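Read through the structure below, which is laid out as structure tokens, and then see the notes.
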Amino acid sequence: MKRFLPALLALLSLGSARADEGMWLPSLISQRIRDMRAKGFRLTAEDIYSINKASMKDAVVLFDGGCTGEVVSPEGLLLTNHHCGYDAIQSHSSVENDYLTHGFWARSRTEELPNKRLNVKFLVRMEEVTDRLAAGETAEEIIGRAEAEGTGYKAQIEQMYYGNQQFLFLYEQFDDVRLVAAPPSSIGKFGGDTDNWIWPRHTGDFSVFRIYAGPDNKPAAYSPDNVPYKPKKHFAISTKGVGEGDFTMIYGFPGNTQQYIVSDVVRYIAETSDPMKIAIRSGRLDIISAAQESDPALRIHYAAKHASIANAWKKWQGEVLGIERLGTYAKKLESERRFIEATGDAGVLEALRTEFARALPYYYTRELLSETLLTLAYNYTDEEKADPIFAKRRSVERDLYRLAFAEYAARNTQLPMIPEVATGIEQSGSPEAYADHIFSLAVADPKNKELAALKKGIGALTAHIVDELGTKSLRNFNSARMNELYARYVEGLRRWAAAEKRAGAMFPDANLTLRVAYGKVAGYEYADGEYHKPQTTLDGIIAKDNPAIYDYDIPQALRDLHASKAYGRWAVEIDGRRTVPVCFLATNHTTGGNSGSPILNGRGELVGINFDRTWRSTMSDIEFDPTICRNIAVDIRYVLMVIDRIGGASYLIDEMPLK
Ligand code: ARG
Ligand code: ASP
């Protein structure tokens, strides 16, 4: 190790956590507990995670493989976001019975709706297995032994710090999860894609489910004989609210962060990858939005698709802005220079750079395919075609085919074009004409040879790319070789940090494993004089209300409630006004997957449900800026008020322990 420049280093972003940055492993939370308690946490590490007694982890679930949910009653009642329950709500909706639009409130247990492909997983325990693997036990053996411990147990081994550590995660999976309640979309998705990622926010982004188990309280496939699950632990709910400066903690399943990527990768994201994906998605969204505006049936049909395309599309725009604003690329370059100075290991960065340059054409083309040719079905089932809506969808789908082929042809600058596509375009005269041809085949003759050959061509290129990258995962902008190099690099970063006594500050990138983030309720000042308060209220909803704008057209019941001010026990006094709190901001470090996560106060009581970040802070997956990075939660008091006053479902609240 060479000289250090501690003062300068402290200013550099090297992935070492600053205030409120970080997503920590629950089993190691004792390492953070002093800091947490200094910031207002009142409980112990054992209360957060324990294998000896019921702890908070026993009330948190991975919901539907990509969101988080929390148990809030002794009878297995579960809260998550509306956008996380969206597929389930949509699957029970039709034009006649449109729960998506009007909401759904089960009036009794028998009305709770089972869902075919929906599961939740509780973490039984996590355990480092690096040494067991090094000693020769195989991953399969470790997983097999763990799964044999209980009914419905599912085990997984996940890498931390690019494989420097391996952890076993043992889950208990429940497959009978029923829809209990959902607010109308005009509340649950209020502001729609217009307000998505935006503050001030007024979305009542929640839905309610219930976990069912067999009569023995163990996981069981759906059966009418199943009974509400009796959880080991459920969260108490605080109706007292939180205010600016109050401690908050998020317990959930963040999906993916890239804190340790090298400078070239940052530049690729900001200058090539994000802009390409944004441009292509803009085209797809234009087509889908126009269709949705033209017909209410098309609006419902494309709702989930639009939401999911628009979500990342908007996030990436914020991310590019954020990376530019923070100068992340220049900071990474500088920190790499310091790394070499401190550790003497120039080789690892050099090798990463060389390997990234080799991988880039494959990586780029894989992303391009994912945004274009791989978005098309090349097949429509008889059931789909028999649906009267199919006639209306035809021109929309055809336009999406045209766009996909045109964008692929125009942007495919790195690898030779798929031969079938090249020939097809040449013979048809243009990508659009070829797309029309392929679309008619997909509708009329999905078993057609030419179509099969095209699919094979796409498959062959994808396989070739996976081969060259040595990994199927598009996750970390890398290749198998880069992963190995990152392992060495991140290990070097950790040693360097240890030498400077800041080792505890390096958290492993999010990877859809359970994490704790903590911080406080806080507003932010994005630009000089532009302060954003951390709290919104029902008055803000009324101010946005506009029956002529789909995203801002609220239910009449909410207007009436505001007019009568009959908020009952949900009323609060804010700035001298009698109102109802709606959403709030905090400094917790979160990412995709944290949606639906419980946001808890210092006593571990539920004060809100996390659902988003502000647009200006979406670069937090790469660089977290404590001055402006904020997560957005729906205030639990708004959730309760909607359940009570809009849903008329106060019997659900009777199940919940309110404090
Ligand atoms: N931006 C949030 C997240 O990344 C919410 C997305 C759902 N809402 C929407 N309007 N599309 O998941
Ligand atoms: N909305 C995201 C989710 O669904 C959360 C985020 O990206 O902040 O998980």
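Going residue by residue through the range 214-235, is there one that turns out to be at pLDDT 95 or above, β-branched (Val, Ile, Thr) and crowded, with 19+ Cβ neighbours inside 10 Å?
no
Out of all the residues in the range 348-359, is one or more among the hydroxyl-bearing types (Ser, Thr, Tyr) and in contact (Cβ under 8 Å) with a residue 12 or more places away in the chain? Checking the range 348-359: not a single residue is among the hydroxyl-bearing types (Ser, Thr, Tyr) and in contact (Cβ under 8 Å) with a residue 12 or more places away in the chain.
The sole residue among Glu141, Glu149, Glu75 that is more than 16 Å from ligand 2 (Cβ to nearest atom), at pLDDT 95 or above, outside any strand (DSSP E or B) and in contact with an Asp or Glu (Cβ under 9 Å, 6 or more places away or on another chain) is Glu75. Of the residues making up the range 565-580, just one is modelled with pLDDT under 95 and among the hydroxyl-bearing types (Ser, Thr, Tyr), namely Tyr567.
Summed over the range 57-72, residues that are in a helix (DSSP H, G or I) and either within 16 Å of ligand 2 (Cβ to nearest atom) or in contact with a strand residue (DSSP E or B) (Cβ under 6 Å, 6 or more places away or on another chain) (or both) total 2.
Output the residue which, of all residues in the range 612-636 that are among the charged types (D, E, K, R) and within 24 Å of Leu333 (Cβ to Cβ), is surrounded by the most Cβ atoms within 10 Å (Cβ to Cβ).
So the residue we want is Asp621.
The set of residues in the range 441-469 being under 30 Å from the mean Cα position of the chain (by Cα) and among the polar types (S, T, N, Q) consists of Thr462 alone.
Run down Ile636, Ile554, Ile549 and say which single residue is more than 20 Å from Asp246 (Cα to Cα), among the β-branched types (Val, Ile, Thr), modelled with pLDDT of 95 or more and away from ligand 2 (no atom under 16 Å from the Cβ).
Going through Ile636, Ile554, Ile549 in turn, just one is more than 20 Å from Asp246 (Cα to Cα), among the β-branched types (Val, Ile, Thr), modelled with pLDDT of 95 or more and away from ligand 2 (no atom under 16 Å from the Cβ): Ile554.
Could you tell me whether any residue of the range 487-505 is under 22 Å from Thr257 (Cα atoms), outside any helix (DSSP H, G or I) and basic (Lys, Arg)? Taking every residue of the range 487-505 in turn, at least one turns out to be under 22 Å from Thr257 (Cα atoms), outside any helix (DSSP H, G or I) and basic (Lys, Arg).
Restricting attention to the range 99-137, the residues that are over 28 Å from Leu558 (Cα atoms) and charged (D, E, K, R) add up to 9.
Inspect all residues belonging to the range 589-603 and state whether any of them is of a type in the set (A, V, I, L, M), within 16 Å of ligand 1 (Cβ to nearest atom) and not in a loop (DSSP other than H, G, I, E, B). Checked the range 589-603: at least one residue is of a type in the set (A, V, I, L, M), within 16 Å of ligand 1 (Cβ to nearest atom) and not in a loop (DSSP other than H, G, I, E, B). Given the structure, is Arg178 of a type in the set (Lys, Arg), touching a residue at least 12 places away in the same chain (Cβ under 8 Å), within 15 Å of ligand 2 (Cβ to nearest atom) and surrounded by fewer than 24 Cβ atoms within 10 Å (Cβ to Cβ)? So Arg178 fails the test.
Restricted to the range 4-33, and to residues there that are surrounded by 16 or more Cβ atoms within 10 Å (Cβ to Cβ) and hydroxyl-bearing (Ser, Thr, Tyr), the residue that is modelled with the lowest pLDDT is Ser13.
Look at Ala106 and say whether it is within 16 Å of ligand 1 (Cβ to nearest atom), within 24 Å of Asp225 (Cβ to Cβ) and not polar (S, T, N, Q). It is false that Ala106 is within 16 Å of ligand 1 (Cβ to nearest atom), within 24 Å of Asp225 (Cβ to Cβ) and not polar (S, T, N, Q). Just so you know, in the range 590-611 the residues that are within 10 Å of ligand 2 (Cβ to nearest atom), at negative phi and not β-branched (Val, Ile, Thr) include one that is surrounded by the fewest Cβ atoms within 10 Å (Cβ to Cβ), and it is Gly592. Scanning the range 446-459 for residues that are touching a residue at least 24 places away in the same chain (Cβ under 8 Å), surrounded by fewer than 18 Cβ atoms within 10 Å (Cβ to Cβ) and of a type outside the set (D, E, K, R) yields Pro446, Ala453. Apart from one condition, Arg402 fits all of (1) under 16 Å from Ile288 (Cβ atoms); (2) in contact (Cβ under 8 Å) with a residue 40 or more places away in the chain; the exception is (2).
Residues in the range 34-75 that are polar (S, T, N, Q) and surrounded by fewer than 19 Cβ atoms within 10 Å (Cβ to Cβ): Thr44, Ser50, Asn52. Restricting attention to the range 44-67, the residues being in contact with a helix residue (DSSP H, G or I) (Cβ under 8 Å, 6 or more places away or on another chain), closer than 19 Å to Ile237 by Cβ and not aromatic (Phe, Trp, Tyr) number 5.
Selection over the range 638-657 of residues that are closer than 16 Å to Pro184 by Cβ and outside any helix (DSSP H, G or I) gives a count of 3.
The residue of the range 285-316 that is nearest to ligand 2 (Cβ to nearest atom), among those that are closer than 23 Å to Arg613 by Cβ and basic (Lys, Arg), is Lys315.
Taken across the range 195-213, residues that are surrounded by fewer than 22 Cβ atoms within 10 Å (Cβ to Cβ), at pLDDT below 95, within 16 Å of ligand 2 (Cβ to nearest atom) and within 23 Å of the chain's Cα centre (by Cα) do not occur at all.
The values are calculated or read from the model by the stated rules, or taken from the named source; none is laboratory data. Given the structure is predicted, the values throughout are model-derived calculations rather than measurements. We place every Cβ from the backbone using ideal geometry, glycine too, and count neighbours over all the protein chains shown.
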